[in-house]
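What follows is a short report on a single structure.
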Amino acid sequence: MSQFKKTVLAEKLGLARSTLYYHSRLKEKDDRVRPLIEEVMASNPSYGHRRVAMALGWNHKKARRLMEKFGLEPKLRRGQKWQKRDDCRLVPTGYQNLVANWCPIFPNVVWYADFTYLKVRDAFLYLATVIDGYTKEIIGLAISRRHNLCLVKGATIDAITHRQTLPRYFHSDQGSEYQSVEHLTLLEQRGVAVSMSRKSSPWQNGYQESFYSQFKLELGGLNRLTDGEIAEAIYRQIYYYNHLRIHTTLKMSPRQFYLATLMDKNV
């Protein structure tokens, strides 16, 4: 449509001529930013509109509108949660949940521990981790072919070595590995208060539950890898989570948040 015809049409409709240009200009503007969204999602295949918005410094409503317009969706979505059925048969422990509804305001106040399985062909690999409840960073981990005391103790010792300190509270579920005398002694003789979720209440260890659900999604199936590549893939994925992946609560990666905390609070 020529400028003259647009002017005549605008006058008949009682509109400013600029109104007739709005939709085409908006489309051009949207088309220009589409590659930015696609680039973020290519590097972070599980990102939804909120993380895309954070990565680009946008309002989340803008990111959602554009992603819906262009049909852009995360390539990875969460699957079914794993339950430790062996723990269901255990007698409830005497330890209470000391950190229910807590929101730590410093690092090393509460550490959350748990382990999960990773399916590798016809066998299982087990991963134990320790998360700082404030920074959401994975500060300790261990990998084993068996879920036993050595697995969870290895992750706990790794966390202590990494942070060079101990937490005030150490929270886990009531699994037999965490109830072992050796693991409890490791913590209690050093003045750490042991906290445990109520039996069959995985939501009381929500930090770990959420982490494992997303971690498995982003790690992908391990059958594509050789035995020698599996451990490297796990460590690489945890590095991505700690250092690069935006945590929606923190608005940055856990490691960036931890370093910012050190500067702000002189922890």
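Mind checking which residues of the range 38-55 are touching a helix residue (DSSP H, G or I) at 6+ places or on another chain (Cβ under 6 Å) and part of a helix (DSSP H, G or I)?
Initially, the range 38-55 is screened for residues touching a helix residue (DSSP H, G or I) at 6+ places or on another chain (Cβ under 6 Å), giving 40, 46-47, 49-50, 52-53, 55.
If the condition is that a residue be touching a helix residue (DSSP H, G or I) at 6+ places or on another chain (Cβ under 6 Å) and part of a helix (DSSP H, G or I), then 40, 49, 50, 52, 53, 55 are the ones that fit.
Beta carbons closer than 6 Å, at least 6 apart along the sequence or on distinct chains, pair a first residue in the range 247-260 that is of a type outside the set (A, V, I, L, M) with a second that is buried (at least 20 other Cβ atoms within 10 Å of the Cβ) and part of a helix (DSSP H, G or I) for 247/254. Read through the list (1) surrounded by fewer than 16 Cβ atoms within 10 Å (Cβ to Cβ); (2) at pLDDT below 80, then give the number of the only condition that residue 41 fails. Failing condition for residue 41: (1). One residue alone among 204, 214, 208, 174 is over 27 Å from residue 247 (Cα atoms) and modelled with pLDDT under 95, and that residue is 174. Restricting the search to the range 171-208, which residues are hydrophobic (A, V, I, L, M, F, W, C) and under 20 Å from the mean Cα position of the chain (by Cα)? Within the range 171-208, just 203 meets the criteria. For the residues 143, 157, the requirement of being modelled with pLDDT of 95 or more and part of a strand (DSSP E or B) singles out 143. Kindly indicate the residue of the range 248-267 that is more than 14 Å from the chain's Cα centre (by Cα) and not in a helix (DSSP H, G or I) and also nearest to residue 121 (Cα to Cα) among those meeting that condition. Filtering first and then ranking leaves 267.
Among the residues of the range 176-190 satisfying the criterion of being touching a residue at least 40 places away in the same chain (Cβ under 8 Å) and not polar (S, T, N, Q), which is surrounded by the fewest Cβ atoms within 10 Å (Cβ to Cβ)?
Going through the range 176-190, the residues touching a residue at least 40 places away in the same chain (Cβ under 8 Å) turn out to be 176-179.
Retained after the next criterion (residues that are not polar (S, T, N, Q)): 177-178.
Values: 177: 23, 178: 27.
Once the filter is applied, the top-ranked residue is 177.
Between 242, 223, 205, the distinction of being touching a Pro at 6+ places or on another chain (Cβ under 7 Å) and on the phi < 0 side of the Ramachandran plot belongs to 242 only. Across the range 227-267, the number of residues qualifying as surrounded by fewer than 13 Cβ atoms within 10 Å (Cβ to Cβ), polar (S, T, N, Q) and at pLDDT 95 or above comes to 0.
Residues in the range 79-99 that are among the aliphatic types (A, V, I, L, M), modelled with pLDDT of 90 or more and surrounded by fewer than 18 Cβ atoms within 10 Å (Cβ to Cβ): 1 in all. Within the range 236-246, the only residue that satisfies the criterion of being in contact (Cβ under 8 Å) with a residue 60 or more places away in the chain and closer than 14 Å to residue 143 by Cβ is 238. Applying the selection to the range 45-69, what residues are under 16 Å from the mean Cα position of the chain (by Cα) and surrounded by fewer than 20 Cβ atoms within 10 Å (Cβ to Cβ)? Result: 45, 46, 48, 50, 54, 55.
Can you pull out the residues in the range 216-250 that are out of contact with any strand residue (DSSP E or B) (no Cβ under 8 Å at 6 or more places or on another chain) and among the hydrophobic types (A, V, I, L, M, F, W, C)? Of everything in the range 216-250, those that are out of contact with any strand residue (DSSP E or B) (no Cβ under 8 Å at 6 or more places or on another chain) and among the hydrophobic types (A, V, I, L, M, F, W, C) turn out to be 217, 225, 233, 244, 250. Residue 123 meets the stated requirement of being aliphatic (A, V, I, L, M), in the same structural domain as residue 206 (by TED's automatic domain parsing) and more than 18 Å from the chain's Cα centre (by Cα).
The set of residues in the range 113-130 that are part of a strand (DSSP E or B) and farther than 16 Å from residue 151 by Cβ contains only 119.
The values are calculated or read from the model by the stated rules, or taken from the named source; none is laboratory data. Fair warning: this is a prediction, and the values are worked out from it, not measured in the lab. Quick reminder, even Gly has a Cβ in these numbers, built from the backbone with ideal geometry, and neighbours come from all protein chains shown.
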